[in-house]
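Report on the structure given below.
A short reminder: the numbers here are calculations on the coordinates, not readings from a lab. Values in this document were obtained by computation on a predicted structure and should not be read as measured data. Cβ atoms come from the backbone with ideal geometry, glycine included; neighbour counts cover every protein chain shown.
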């Protein structure tokens, strides 16, 4: 990896955009100490678990950084509603037309040169299986992205919809989601739209702004991106798996094109297979308001 990208990753992996954020590496490594920064607790649904700040029921908000590889459309993920044409860069095998567990927002970082995220996932998964009450059915870990295969990309896929199991009427779709998501939400009686789809932003001229307002309006292969997320685990009758609830993707450095050439038709990419008051300079001070802490699950 080139020195410029390496230095950016080193810095942004440890950056806290808000006071209560915890670098993912710090959170995971603390699990083997006498003073862990996080603990895994059962969430409101009996088959879900969430990483919380130690001693609280507040989901721990964690940060990381990686080299951007690919993403599905930021606002619609793999959902194509009605008779609309699928976006040209969306794989046909990933397309879904309805609200449900298959619909997601998907972002991937390259791990060909930097496999730390796999090591951190391994360590936190080794911990969660020791938590009393977790996986009492002894089902296996979901095979997809379990780290046993040499995958060169690490995907974070955020559920676009959550199960809606109350007998009352379907709540109104949140204003924060795309019209396609609203339409699928309104049509479903079993799922409701995730009210917090990932925000895609970028630092441009020292200012953090929506990526659509930047000169380069899309993430590109090789960009260094900061990631903000909470971490949960789900259990099903046949498997268990982690869920990275990504809230923010932030381009913190444009790609070094000497190290990461832009894919072209002639040269395809052959790389192996809430509060908006974010600080992008120093860690926010302790005096910052804590009112933005995530609510208990």
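Computed quantities for the displayed model
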| quantity | calculated |
| --- | --- |
| Volume per residue that the Cα convex hull of region 1-110 spans, once the total is divided by residue count, Å³ | 168 |
| Distance histogram in 10 Å bins (all Cα pairs of the chain, percent per bin) | 6, 26, 36, 26, 7, 0 |
| Value of [θ]222 nm, deg cm²/dmol, for the chain, DSSP H segments ≥ 4, -39500 (n - 2.57) each, nearest 500 | -4000 deg cm²/dmol |
| Size descriptor, Kirkwood hydrodynamic radius, that averages inverse alpha-carbon separations across region 75-163, Å | 15.6 |
| Relative contact order (%) - region 3-253, alpha-carbon pairs under 8 angstrom, separation at least six | 23 |
| Order of 52, 214 under a 10 Å beta carbon neighbour criterion, fewest first | 214, 52 |
| Förster radius 35 Å - calculated FRET efficiency between residue 258 and residue 129, Cβ distance, rounded to 0.05 | 0.25 |
| Extension gain from residue 92 to residue 213, taking 0.36 nm per residue of separation minus the Cα-Cα distance | 40.6 nm |
| Beta bridges by DSSP in region 10-146, antiparallel share as percent, to the nearest 5 | 75 |
| Inter-centroid distance (Cα atoms) of region 179-247 relative to region 90-150, Å | 16 |
| Model label zone, residue 239; criterion: amide N under 19 Å from point 7 Å along Cα-to-beta-carbon; scope region 78-104 | 78, 93-96, 100-104 |
| Neighbour-count ranking [beta-carbon atoms within 10 angstrom, fewest first] of 203, 136 | 136, 203 |
| Per-pair calculated FRET efficiency, R0 = 30 Å: residue 32 and residue 148 via Cβ, rounded to 0.05 | 0.85 |
| Sorted by Cβ neighbour density within 10 Å, fewest at the top, the residues 130, 96, 236 | 130, 236, 96 |
